[in-house]
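Reviewing the structure listed below.
The values are calculated or read from the model by the stated rules, or taken from the named source; none is laboratory data. These numbers were taken from a predicted model, which means no experiment stands behind them. In this analysis, Cβ positions are derived from the backbone assuming ideal geometry, glycine residues included, and neighbour counts consider all displayed protein chains. The accessibility values were calculated without ligands, DNA or RNA, using every heavy atom of the protein model including side chains. Shrake-Rupley method; radii C 1.70, N 1.55, O 1.52, S 1.80 Å.
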Amino acid sequence: MAINLQKGQRIDIGLHKVGVGLGWDPNMSTGFDFDLDASAFMLNANKKLPEEEFFVFYNNQKSPDGAVESSGDDTSGGNSDGGDDETLTIDLDRVDPRIEEILFTVTIHEAEQRRQNFGQVHNSYIRVYNAETNEEIAKYDLDEDFSIETAIEFGRLYKRNGAWRFEALGNGFKGGLQFLVDKYV
């Protein structure tokens, strides 16, 4: 049975191959489709990317160590009916030894031009599942009201005493993908 996580809650993963699914329902009231983008920042002990290629997103769909892979870009939020819109698959056995944390984010593409924010996105969540069996391990429903934020740090996998754990974050920022890139490069 899956655990419903609260913001800040942490769990042990105990898996080798992990799937991270992100989902949302677009709001049609702005006149534009919502193009949300899932990304993974593979961070070292200094909370920085050891190399730019450890930033996995729609233009770099696989990390150089082969550990993290993106499903690609869903430009409308319409890829699923109640399921994951974008997924990231992680093989924890292949993670570069310099990596201490894998941060999962979602940003709104062209949010400023389209006058969009996460307060207009509904039913957004991150879920962690066993990538070999598809069994859901944990889910975090993002229910905060982000009325100006265009970038969200949803959750992270991190190493503690040699084992991988997951933490539900729910941290919102204004500035979109560029803000996050500047923060972690």
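Other residues within the sphere of radius under 14 Å centred on the Cβ of A67, judged by their own Cβ, net out at -4 (K and R +1, D and E -1).
Would you mind telling me the share, in percent, of accessible area of the chain contributed by carbon and sulfur at probe 1.4 angstrom? Heavy-atom surface of the chain belonging to carbon and sulfur, 1.4 Å probe: 42 percent. With kT/(6 pi eta Rh) evaluated at 4 °C and eta = 1.567 mPa s, and Rh the Kirkwood radius from Cα pairs, the chain diffuses with a coefficient of 80 µm²/s according to Stokes-Einstein. Can you work out the base-10 log of I(q)/I(0) for region 117-185 at q = 0.17, 0.21, 0.26, 0.28 1/Å, using the Debye formula on its C-alpha atoms alone? The calculated log intensity ratios at q = 0.17, 0.21, 0.26, 0.28 Å⁻¹ are -0.75, -0.98, -1.14, -1.19. Stretching T133 away from I148 to a fully extended chain increases their span by 1.6 nm, per 0.36 nm per residue minus the current alpha-carbon distance.
Of all lysines in the structure, the ones whose alpha carbon falls short of 21 Å from that of K47, not counting any fewer than 8 places away in one chain, are K7, K62, K159, K174, K183.
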